[in-house]
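Data first, discussion second: the structure below is written as structure tokens.
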Amino acid sequence: MKTKKSFKYWQWRVIICSMIGYSMFYFVRKNFSFAMPSLGEEYGITNTSFGVILSLVGILYGVSKFVNGFIADRFNARWHMVIGLTACVILNFLFGWSDRISTWITGQASGPDFVGGMVVVMAVLLVLNNLFQGCGFPPCNRLLVHWVPPRELATKTAVWNTSHSIGAGILAVLCGYIIAATDNWRMCFWIPGAIAAAGIFFILFTLADTPSSVGLPELPDTKTEIDDDLSPQAYRAFLRKHVLLNPVIWVLAVTDLFVYVVRFAILDWGPTFLSHMAVPLSPQLAGWTIGIFEVAGCAGMLCAGWISDRFFGGKSHRVLAVEMGLVAVCLVILQLLPDNTSPILVLALLAVAGFFLYGPQALLGVTASKHATKKAAASAGGLIGMMSYGSVLITGVGLGWFSDHFGWDHLFILMAGFAVVGGILVATLWNIKDDGYIHENNPTKQI
């Protein structure tokens, strides 16, 4: 009884503290979107230039998640997060000086050479930042599969996944008020960076890696083929079978690409799009709109996880297929609204879209973790993360170029199309087995 109580305490401590720790990564990653309008006005930087930067850093972030996924399965999760967040904080403070760095490099304080130099400086700093951002999710994925039994993974991963929305939502509101109060884009990096710096010490002193690291037994009923053979050769063969050559993982990865196209179209371009509506939103209301989108996403993730475990027997992929269709419906309605629609109605519909969209984001990872098992869950998450961030080719360069040439018309119907394709793709997994573990006492459990 004492061991069970201790395990529950540490399980929830790891879930909650890793949520807070991961939300800190968002404080030093998504602030660039809120600085873009001010940077564009002050220096004449085009949306196409911003789009190129967003695409570049997004792709490299995906590659970083892929590499760090393989590292996370073999490395202490707490130190993995601390190293990554420390580097991101330092780079954010440097970003606030990107105009000064450009002047130092080019010898110009204005003009085309200065602006071009500043774009390069921003791109380099954001690339480095996103390479270290890959140290955020993979170690958290490792923590979840080591502390949460498969039968509870959908519900508790959904709880954990609210950290995405908590971090992005609080940052959206914070940056909206920072821009309105100071009219200084640098503060969008320095103030959140200071908050994230405190998060480094929080992670260091609160997280535990695995149950055995605090003297507790490992999870039952999670046996794999390599439990008795930890040789590098056996592990590589396990990775090939359960991750690299697993068709389920690849279908989930491509589906996540479509989920992220919709999500990033709203997060990365939302503040700019909302400020160019027929009834434009103020920076504060634009920040609240994206923040409420994230809050609704939190609620959607919690409901999706609970419904998955409670009514679908943990078959999370079935729930996310249905929700992708509902996302498409919301986006079609948004497209059909007249130009003079009240911003409040736009806000409400975006919130409903966020409610349905963030369920799939969480449940894709749950399904992948179960099939890769706790031995390779972070690696599978890294592969899916790399594929999903290929979306920035569409949401970065694609939407940046599109808006410069055609404005923001038909944005929502385009995103609805991506949601429909993603839903159809994941529906092909409707009858897959539950997980990739060996169930000796109940071999039919996998079917």
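What follows draws every value from the coordinates through simple rules; no lab data is involved. The structure displayed is predicted, hence computed values, not measured ones. In this analysis, Cβ positions are derived from the backbone assuming ideal geometry, glycine residues included, and neighbour counts consider all displayed protein chains.
Points to keep in mind about this one:
- For segment 55-96, the equivalent ellipsoid derived from the Cα gyration tensor has semi-axes of 21, 16, 4 Å, listed largest first.
- Sparsely packed loop sites in segment 61-112 (the trypsin sites (Lys or Arg not before Pro) outside DSSP H, G, I, E and B with at most 14 other Cβ atoms within 10 Å) comprise ARG74.
- Mean-position separation - Cα centroids, segment 382-416 and segment 102-123, in angstrom: 27
- Under Karplus coefficients 6.51, -1.76 and 1.60, residue-wise ³J(HN,Hα) of segment 158-175 in Hz, glycine/proline x: 4, 4, 4, 5, 5, 4, 4, 6, 4, x, 5, x, 5, 4, 4, 5, 4, 5
- Residue exposure proxy: TYR260, TYR358, TYR235, ordered by other Cβ atoms within 10 angstrom of their Cβ from fewest to most, comes out as TYR235, TYR260, TYR358.
- Amide H to amide H distances under 5 Å link LYS223 with ILE438, where only residues 5 or more positions off or on other chains count and H is placed in the peptide plane.
- The HN-Hα couplings worked out from phi for segment 103-118 by the Karplus form 6.51 cos²θ - 1.76 cosθ + 1.60 (θ = phi - 60°) are 4, 5, 6, 8, x, 10, 9, 6, x, x, 5, 5, 5, x, x, 5 Hz, whole numbers, x standing for Gly and Pro.
- Straight-distance crosslink candidates among lysines, where the alpha carbon sits under 30 Å from LYS5 and sequence neighbours closer than 8 are dropped: LYS156, LYS223, LYS315, LYS370, LYS374, LYS375, LYS445
- Descending semi-axes in Å of segment 217-267, equivalent ellipsoid built from Cα gyration tensor: 32, 15, 9
- Working note: Karplus 6.51/-1.76/1.60 with θ = phi - 60° gives segment 340-353 the couplings 8, 4, 4, x, 5, 5, 4, 4, 5, 5, 5, 5, 5, 4 Hz, where Gly and Pro are set to x.
- Relative to its Kirkwood radius, the Cα radius of gyration of segment 357-441 gives an Rg/Rh of 1.11.
- Segment 1-117: translational diffusion in µm²/s, Stokes-Einstein, Kirkwood Rh over Cα pairs, 4 °C, 1.567 mPa s: 74
- Against the main long axis of the alpha-carbon atoms of the chain, helix 411-427 sits at an angle near 10°.
- Here the average projected area of the convex hull drawn through the C-alpha atoms of the chain stands at 21.1 nm².
- 0 to 90° range, to nearest 10: angle between helix 187-206 axis and the chain longest Cα axis: 20
- Value at 222 nm in deg cm²/dmol, rounded to 500, when DSSP H runs of n ≥ 4 in the chain each add -39,500 (n - 2.57): -25000 deg cm²/dmol
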